[in-house]
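Each remark here refers to the structure printed beneath this line.
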Amino acid sequence: MKPISEIFSLIEKPKNIVITFHQKPDADAMGSGLGLYNFLIQFGHTVSVISPTNWPSFLNWMPGSKNVVDFEMHNDKAKTLLQKAEWLFCLDFNVLNRTKRMEPVIESLLATKILIDHHQQPQTEAFDYGISDISKSSTAEMVYDFIIAAGYSDKINAETAECLYAGVMTDTGSFRFNSTSANVHRMIADLKDKGLEHSQIHENLFDNFLEGRFRFFGNILLNRMDVFYEYNTALIAIPQSDLIKYNVKTGDTEGLVNFPLSIKGIKLAAVIIDRGDERKSSFRSKGGFDVNTFARKYFNGGGHFNAAGGKNIEPLDEVVRKFKAAIKENKEQLNS
Ligand code: 5GP
Ligand code: MN
């Protein structure tokens, strides 16, 4: 993978561009993707944004979101766009299998592949150009840095600013996590100078849930949460029947893992959900416990030091058993 600065001089030449990101995109994946989209369309490129899967409806306020193509739902259209692409931007993922069924298609493309990402251990051989920096708060911050470094500060319009803000704000836990550097605050100050109205974005993202999501949370916290104090660990395991019973939609479970993590003394919080085709896990930690390594070792996943995830094909009971065995194995680190 060559440095991304090598494409700066080619940015203005009109071409077919596709932007994609990880499956079940969060606000950083969608925000960095649409931030880049709203920047690039100003040069007269033909730009398409393709999501590997569907996405939570609370992202639908983002400028440009109506043009995002769902690879699973509009497969032929997405494949045609991908085949025509001269540049393919891959945002907010480190390994191609994070694009689910798009992986073999991406592998077969002749397009120049450009990675912008902040996850650990990227599959760099899969990309022609790119930047991978685990010290960065978010991919949205990296897209901002990319635009500034390429010399296009004046092309950050309100649409770009709103999308990038959403990515940085959510990936930093509203500017709470350690990754919130002085550079992040300088970036936000610059976006404010460019006219960003941030409070509306918080409302769009956090005050748009349906009542059912909280009824679901209430039941889950009451019935599905186990706290293992001797391991400073809390686990929520959700059977598929709960998802059906409460009519849970994509994105409704986002943020659930933060409840067990905020219990006094808890250093590791996990949510394992039976999604039917796989058991999807989310891990969060506080302090020195490395959930990237934990997710990689036991749950076929990865991510960041304090936030990671994984997936298993075994039944839920078996994955829960695995989790309990894993925390036993890590008792010392969880108690240090
Ligand atoms: P979340 O728990 O919010 O789904 O994910 C937390 C972090 O872990 C994200 O940065 C995400 O990219 C990463 N992650 C989640 N699931 C997986 C997975 O199955 N594989 C890998 N490699 N990373 C994941
Ligand atoms: Mn991210």
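The values are calculated or read from the model by the stated rules, or taken from the named source; none is laboratory data. No experiment lies behind these values; they were computed from the predicted model shown. Here Cβ is always computed from backbone atoms with ideal geometry, including for glycine, and neighbour counts include all displayed protein chains. Just the protein is used for accessible areas: all its heavy atoms, side chains included, with ligands, DNA and RNA removed. Shrake-Rupley method; radii C 1.70, N 1.55, O 1.52, S 1.80 Å.
Counting only residues that are surrounded by fewer than 22 Cβ atoms within 10 Å (Cβ to Cβ) and within 16 Å of ligand 2 (Cβ to nearest atom), region 95-116 holds 1 of them. For region 243-258, the condition holds for at least one residue, the condition being that it is in contact with a Lys or Arg (Cβ under 7 Å, 6 or more places away or on another chain), of a type in the set (Phe, Trp, Tyr) and under 25 Å from Thr53 (Cα atoms).
What residue, among those in region 117-139 that are open to solvent by less than 20 Å² (accessible area, probe 1.4 Å), within 14 Å of ligand 1 (Cβ to nearest atom) and in contact with a strand residue (DSSP E or B) (Cβ under 9 Å, 6 or more places away or on another chain), is farthest from Leu34 (Cα to Cα)? Among those residues, the one meeting the criterion is His118. With respect to the stated conditions, Ser32 is closer than 26 Å to Gly251 by Cα, touching a residue at least 12 places away in the same chain (Cβ under 8 Å) and under 17 Å from the mean Cα position of the chain (by Cα). Restricting region 285-321 to residues that are closer than 25 Å to Asp26 by Cβ and basic (Lys, Arg) leaves a set whose member that is farthest from ligand 1 (Cβ to nearest atom) is Lys286.
Phe127 fulfils the conditions (1) within 16 Å of ligand 2 (Cβ to nearest atom); (2) in contact (Cβ under 8 Å) with a residue 40 or more places away in the chain except for a single criterion, (1). Scanning region 51-86 for residues that are surrounded by fewer than 14 Cβ atoms within 10 Å (Cβ to Cβ) and either under 21 Å from Ala27 (Cα atoms) or among the aromatic types (Phe, Trp, Tyr) (or both) yields Asn60, Lys66, Asn67, Met73.
Restricting the search to helices (runs of 4 or more DSSP H) fully inside region 65-152 and requiring at least 2 residues that are β-branched (Val, Ile, Thr) gives 103-108, 139-149. Quick check on region 166-217: of everything there that is charged (D, E, K, R) and touching a helix residue (DSSP H, G or I) at 6+ places or on another chain (Cβ under 9 Å), which residue is surrounded by the most Cβ atoms within 10 Å (Cβ to Cβ)? The selected residue is Asp171. Within region 284-309, the set of residues being in a strand (DSSP E or B) and either open to solvent by 30 Å² or more (accessible area, probe 1.4 Å) or within 16 Å of ligand 2 (Cβ to nearest atom) (or both) comprises Arg284, Gly302, Gly303, Ala307, Ala308, Gly309.
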